[in-house]
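Structure first, then comments.
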Amino acid sequence: MKSKVFIFLCSFLLSCTLGKAQDTIPYVPPPYGPNDTLLVGALIESNTLVPFQWLEWHVVTAKLSKQQAKRMSERNRLKNAVLVTYPYAKEAAKILLEMQAHLATISSDKDKKAYIKSREAELKKKFTDPLTNLSVYQGKVLMKLINRETGNNCYEIIKEYKGGVSARFWQTIAFVFNSNLKQPYRPDGDDREIEIYVREAEIMYFGRF
């Protein structure tokens, strides 16, 4: 009888000890094996699934320095100039290409001059009012964009259609306004930022790059 009581007490104490141990020892999951599958988000990069996960948004705000504010103002000014003048550059390039194609079919110099004069009158009627509203800065950007669209700077274009004297005259006027009709267009150099805004303008006006 005593042995049975002793066994019962031992069993009872053992069960209490195990219960407390289970309450105090944290559960540690077993390590994943080589055949276990974990579901995660993924993106496709170069035909390869790359795991990813969304992170919470954290907005950081700070007051711009004078240098940063100046740089942002310059960028906005340039972007606005490109968006305003780019349609004119596209239209001018289209007309110049039409003129070149038609002039190639005319053999007489007299007829060529008459044709150029008629198209010049058409251009003045179409562009005089909107272009006179451009600022000097926007005019400089327009010359860059005409160069981009035609492959020729404005000096070469004026010289071809109006002669060298007229080209030199307008070049002198451009110098007065701190500009240059012979300015090149370098999309991979000084004009890289203009090229970025041109691509935005392509989407805005034509729905494509």
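On the basis of being loosely packed, with under 15 Cβ neighbours inside 10 Å and touching an Asp or Glu at 6+ places or on another chain (Cβ under 8 Å), does Arg71 make the cut?
Working: loosely packed, with under 15 Cβ neighbours inside 10 Å: yes; touching an Asp or Glu at 6+ places or on another chain (Cβ under 8 Å): no.
No, not satisfied.
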When residues of region 143-154 are limited to those that are open to solvent by 30 Å² or more (accessible area, probe 1.4 Å) and modelled with pLDDT under 85, the one farthest from the chain's Cα centre (by Cα): Asn152
Search result, residues across region 93-120 that are open to solvent by 70 Å² or more (accessible area, probe 1.4 Å), among the basic types (Lys, Arg) and within 26 Å of Arg148 (Cβ to Cβ): Lys94
Residue by residue through region 112-164, note down the ones that are under 20 Å from Ile196 (Cα atoms) and charged (D, E, K, R). Lys140, Lys144, Arg148, Glu149
Which of the residues belonging to region 72-127 are polar (S, T, N, Q) and not in a helix (DSSP H, G or I)? Thr105, Ser107, Ser108
Hey, Leu134 surrounded by 11 or more Cβ atoms within 10 Å (Cβ to Cβ) and part of a loop (DSSP other than H, G, I, E, B) or not: yes
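The values are calculated or read from the model by the stated rules, or taken from the named source; none is laboratory data. Every value quoted in this text rests on a predicted model; they were computed, and no experiment measured them. Virtual Cβ from ideal backbone geometry, glycine too; neighbours counted across all protein chains shown. Side chains are part of the model used for accessible areas, which takes the heavy atoms of the whole protein and leaves out ligands, DNA and RNA. Shrake-Rupley method; radii C 1.70, N 1.55, O 1.52, S 1.80 Å.
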